[in-house]
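The values are calculated or read from the model by the stated rules, or taken from the named source; none is laboratory data. Quick caveat: nothing in here was measured; it's all calculated off a predicted structure. Because the Cβ atoms are built from the backbone with ideal geometry, glycine has one as well, and the counts that use them run over all protein chains shown.
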Amino acid sequence: MKFSSLKGYAFLYLVFLYAPIVLLPVFAFNSGTIIAFPLKGFTLDWFRDLFANQTLGLALKNSLIIAVSTSILSTTLGVFAARAGTRFKFPGKPGVMGLIMLPLVLPEIIIASSLLVVLLAVGMPLSLFTVILGHTLMATPYAIAVLNAAFSSLDRSLEEAAYDLGETKWSTFRLIILPLVTPGIISSALMSFTISLDEFIVAFSLAGKETTLPIYIFSQLRFPKQIPMIMALGTCLVVASIVLLATAEYFRRRGLAKTGAKDTGGFL
Amino acid sequence: MTQLNAARAPLDSRAKMIEFHEVHKYYGDYHALRGISATIREGEFFSLLGPSGCGKTTLLRTIAGFEDISSGAVLIDGKDMSDVAPNKRPTNMVFQSYAIFPHLTVGENVGFGLRRDPRSKAEKAKAVEEALEMVGLKGYGARAAHALSGGQRQRVALARALILKPKVLLLDEPLSALDKKIREQMQVELIKLQREVGITFVLVTHDQEEALVMSDRIAVMFEGEIAQLADPETLYRRPNSRRVADFIGVMNFLPAQILGEANGHVQLDVGGLGRFEVTEEQASARASGAEPVVGFRPETLTILYEGQQAHDREAPATIDEVVYYGDMTYYDVKLDGVAAPVRISMRNVFGRPVLDVGTRTRVAWSPGALVLFR
Amino acid sequence: MAASPLKRWARSEAVNGYLMISPTLIYAILLLAAPLVTLVAYSFFTDGYLVVIPEFTTANYSQAWSDPIFRAILTRSVIVSALVTLVTVVLAFPIAYFISFHVPATKKSRWLFLITIPFWTSYLIRVFQWKVILNYNGVINSILTGLGITDHPLQMLNSIGAISITLAHAYAPFAILPIFVSLEKIDRSLLEAGLDLGENRLMTFWRVTLPLAMPGVIGAVMIVFIPTIGDYVTPELIGGGKLPMVANVIYQQLLKIDNKPLGSAMAISAMLVVAAVALLFLFLNRRFLRGSK
């Protein structure tokens, strides 16, 4: 009895989780201009609007530039930190790691406002670059969390063995460590990419006159006329993120199969 | 019969392969190696034996170059190694975890160290195949390394280290992860392999039996120091301290009273055994406390059955406990006049009954098999 | 001869560790530590309308804390965050429990995947969808009037309840994952021991499972509470801008009104409140860990 009621609750909870997502395509293909039931009829107009929208195209391009840069930067910084954290002992390590991981427990508005204050104080003009700086700061702790798992499962004697067999420290890193942490690096890159692509408040504060995808969406949500197009955009984003997640899962499984490690669950 | 027991050049006449000169190692305040000095000869099978934390693995890693020493010197083949990195040393290592690269095949693992080798691809492939054959893994080259069993990983690790023809092969507890049967099989194979390739093997182990079976010489280590360095037989028969005696096998101890010394002999009075004398050679070991004790191994005593005569001496005793092991029986017997029982091991022979607890008996012993710790 | 001191220094673990961590550390110092220090400094400086005058003053704090509106907003932020946290964690616990105890081991990762998918789609759009659902002519009201249950559509938006539901949805996976992890760590034989010792299932849950899951619950509380108190989007979209929270007023002061010292003082105040709550929970967590030993 208890089992089935818990299962029923789980089902309701999934409905709660997915309701907003499921409604996206419902209204994206609905020909009514007002987001309300009953539905009017089927249309592709909103998707047509979407792909014809040049401001949106520019915002998307900006967001992709920022997200790709953030992904590369924070994963690189994450590799350094995860390697240092899992392989070396040094005095003051908890403090150093604490500072680096701090953005995880800071409200985003604090990160946004402190960065804004400093960037204005040193006279750096707000641009896509300043958004990349902010997003990298935010995404690095997540990258480290993912990479830590990958690096800490490395047996230290593997690198000693390579070193012992005549390789240098650098070639050991390239031949042994890097291939073994590649699934972690891919997960980290995807995660940072997604965090950056979706981030609003830091971008909103640091982008200056530039527009990113979330800034554009936020600006359009005020206009009821634009909402059906936003629904179409949301639908596309959902599909894109599912494809991205499936890819990530595929790489993770392949990495596991290659090294024969045990499956310990999702890449989260 | 293989060349297991083949006659080889005596150790002393061979070249020095590894020399430790007053090696010290500190980790912060912790003094891990306390002035190690020793010489390992060419072609020797040398073991570092001791409990965990005694510094044996640290000492092994100073040979490989994974640990910097704080003072002193490590020489390999006459050359000071202090500024030589691990990848430039003529040593290769078999790791406790085997450290098989999980993303490579068996063949790629074995051939890993040949990357910088100028030989042609075909020649390298041949070398890999030969190395695999040597460890009994012929034809395994294309397999995924992570799919191997423990014993097979061990062999891959050996082949991978030996393919570079090092002057010294270092083995860090290579058999500890294997189960008993495979471990015993691998012990024999390792000895054969060492005879075959003829290079120096340095083995770290905490298993005294393994060290006794495999080694030419053994260094027993406690707390960063070598307590005794000797061949297995000397170590077993003439441990130089009560601690070494305790660590290697089982030894019985009885308090002894020293009556006097004369003409290279020490006169003793031992409760349960009576008065007798031992040679100075037998009396060179250190006791752990102030009280002198005599020690003897369980198999140096024999329980006498009805009608049997002792070759040397005998002492009356009562059987206190019997533990039956199939091929052996362990008896704890109380010598008359001694409260603590001593252990005696007897091989079970057809037609000879296992004795019951409480049986009165006589124990045959010989002063020559004793060690005096003082 | 041992290696020369310089060489040994260069090879030492500490030096290599610092070298390895330095790019990330320098980044964090320049873009996190320095800005936070600046923010603290600004909060004690004097506002000269368009410029900041580096004269020490505590006026910003007294102005912020004596302002009834700021106090009300800060209180509202704490109440909303606490409510959101409570709702999120209470809703999440049974799910984490279900996945950990009733889903076969091979299907667990699939369930976790299922729960995290919605989290990977645009935060803004997810928040906005709740407006679509809760609107005057939205999904729920359409259903209610369509079924003839009511003629008067319910006014659900622009309320603390609406804000709470929206945020509870947004942070659901953050609450489920840590609770799930702590439930997974529970040795199943302990529960059997509980049942074996004559406790019924409910008592076993109450006396064994729940205390052992507490670190995960407290982790979930922190992970949900901290970002929600600083949320900007939901009060704007779901609260209709009529129920601003602390992030909205900080943003207002720093960018719109451009009173940086006052904005900084508000940001630091909000951070202190968050830190105080976080420390309280860390302290509780430590007590729980000690209690369970």
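Data table
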{"quantity": "Sole exception among (1) surrounded by fewer than 19 Cβ atoms within 10 Å (Cβ to Cβ); (2) within 9 Å of another protein chain (Cβ to nearest Cβ); (3) over 22 Å from the mean Cα position of the chain (by Cα) for C:L254, by number", "calculated": "(1)"}
{"quantity": "Single residue of B:Q228, B:Q154 found to be crowded, with 21+ Cβ neighbours inside 10 Å, within 14 Å of another protein chain (Cβ to nearest Cβ) and either under 30 Å from B:K25 (Cβ atoms) or touching a Phe, Trp or Tyr at 6+ places or on another chain (Cβ under 7 Å) (or both)", "calculated": "B:Q154"}
{"quantity": "Candidate set: segment A:27-47, residues that are more than 9 Å from chain C (Cβ to nearest Cβ) and either of a type in the set (G, A, S) or within 18 Å of A:I242 (Cα to Cα) (or both); chosen: the one nearest to the chain's Cα centre (by Cα)", "calculated": "A:A28"}
{"quantity": "Single match in A:A59, A:A19, A:A67, A:A84 (criterion: within 30 Å of C:V246 (Cα to Cα), under 26 Å from the mean Cα position of the chain (by Cα) and facing chain C (nearest Cβ under 9 Å))", "calculated": "A:A19"}
{"quantity": "Which listed residue is part of a helix (DSSP H, G or I), free of Cβ contacts under 8 Å to residues at least 24 places away in the same chain, within 16 Å of A:I111 (Cβ to Cβ) and not acidic (D, E), from C:I268, C:I250, C:I226", "calculated": "C:I250"}
{"quantity": "Residues of segment C:139-161 satisfying the condition of being in a helix (DSSP H, G or I) and either over 30 Å from C:T234 (Cβ atoms) or away from chain A (no Cβ under 13 Å) (or both)", "calculated": "C:I160, C:G161"}
{"quantity": "Residue match in segment B:231-245 (condition: closer than 15 Å to B:P367 by Cβ and of a type in the set (G, A, S))", "calculated": "no"}
{"quantity": "Evaluation of B:A290 against (1) of a type in the set (A, V, I, L, M); (2) closer than 25 Å to B:L259 by Cβ; (3) in contact (Cβ under 8 Å) with a residue 24 or more places away in the chain (one fails), failing number", "calculated": "(3)"}
{"quantity": "Hey, A:I100 at the interface with another protein chain (Cβ under 7 Å from one of its Cβ atoms) and crowded, with 21+ Cβ neighbours inside 10 Å or not", "calculated": "yes"}
{"quantity": "Subset of segment A:197-237 that is of a type in the set (D, E, K, R) and in a loop (DSSP other than H, G, I, E, B) - its residue that is farthest from A:T55 (Cα to Cα)", "calculated": "A:E199"}
{"quantity": "Verdict on C:L279 being under 23 Å from C:A41 (Cβ atoms) and either under 16 Å from the mean Cα position of the chain (by Cα) or within 9 Å of another protein chain (Cβ to nearest Cβ) (or both)", "calculated": "no"}
{"quantity": "Set A:L126, A:L158: member being more than 10 Å from chain C (Cβ to nearest Cβ) and within 30 Å of A:K61 (Cβ to Cβ)", "calculated": "A:L126"}
{"quantity": "Hits in segment C:186-205 - residues which are within 13 Å of chain A (Cβ to nearest Cβ) and either touching a helix residue (DSSP H, G or I) at 6+ places or on another chain (Cβ under 8 Å) or part of a helix (DSSP H, G or I) (or both)", "calculated": "C:R201, C:L202, C:T204, C:F205"}
{"quantity": "Which listed residue, of B:S37, B:S70, B:S47, is closer than 24 Å to B:L175 by Cβ, away from chain A (no Cβ under 14 Å) and at pLDDT 90 or above", "calculated": "B:S47"}
{"quantity": "Residue within segment B:76-87 that is assigned to a helix (DSSP H, G or I) and either more than 21 Å from the chain's Cα centre (by Cα) or crowded, with 19+ Cβ neighbours inside 10 Å (or both) present", "calculated": "yes"}
{"quantity": "Per-region count, segment B:164-219, residues over 19 Å from B:F247 (Cα atoms) and either under 12 Å from the mean Cα position of the chain (by Cα) or in a strand (DSSP E or B) (or both)", "calculated": "9"}
{"quantity": "Failed condition for B:L59, given (1) outside any loop (DSSP other than H, G, I, E, B); (2) at pLDDT below 95", "calculated": "(2)"}
{"quantity": "Number of the condition not met by B:R153 [criteria: (1) touching a Gly at 6+ places or on another chain (Cβ under 7 Å); (2) over 23 Å from B:S52 (Cα atoms)]", "calculated": "(1)"}
{"quantity": "Boolean, B:A317 is in the same structural domain as B:V270 (by TED's automatic domain parsing), farther than 16 Å from B:A369 by Cβ and part of a loop (DSSP other than H, G, I, E, B)", "calculated": "no"}
{"quantity": "Boolean, B:V354 is surrounded by fewer than 14 Cβ atoms within 10 Å (Cβ to Cβ), in a loop (DSSP other than H, G, I, E, B), in contact (Cβ under 8 Å) with a residue 24 or more places away in the chain and of a type outside the set (D, E)", "calculated": "yes"}
{"quantity": "Residue among A:L180, A:L197 that is within 14 Å of chain B (Cβ to nearest Cβ), hydrophobic (A, V, I, L, M, F, W, C) and within 22 Å of A:I144 (Cβ to Cβ)", "calculated": "A:L180"}
{"quantity": "Filter result (among the hydroxyl-bearing types (S, T, Y) and either surrounded by fewer than 20 Cβ atoms within 10 Å (Cβ to Cβ) or more than 8 Å from chain A (Cβ to nearest Cβ) (or both)) within segment C:210-243", "calculated": "C:T228, C:T234"}
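So that you can scan it fast, the table gives a plain yes or no per residue for (1) closer than 17 Å to A:F11 by Cβ; (2) within 9 Å of chain A (Cβ to nearest Cβ):
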| residue | (1), (2) |
| --- | --- |
| C:S77 | no, no |
| C:S81 | no, no |
| C:V84 | no, no |
| C:T88 | no, no |
| C:F93 | yes, no |
| C:Y97 | yes, yes |
| C:H102 | yes, yes |
| C:T116 | no, yes |
| C:W120 | no, yes |
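Here is a yes/no grid of residues against (1) within 33 Å of the chain's Cα centre (by Cα); (2) assigned to a strand (DSSP E or B):
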residue	(1), (2)
B:A290	yes, no
B:Q309	no, no
B:V323	yes, yes
B:G326	yes, no
B:A340	yes, no
B:R343	yes, yes
B:F350	yes, no
B:G358	no, no
B:R362	no, yes
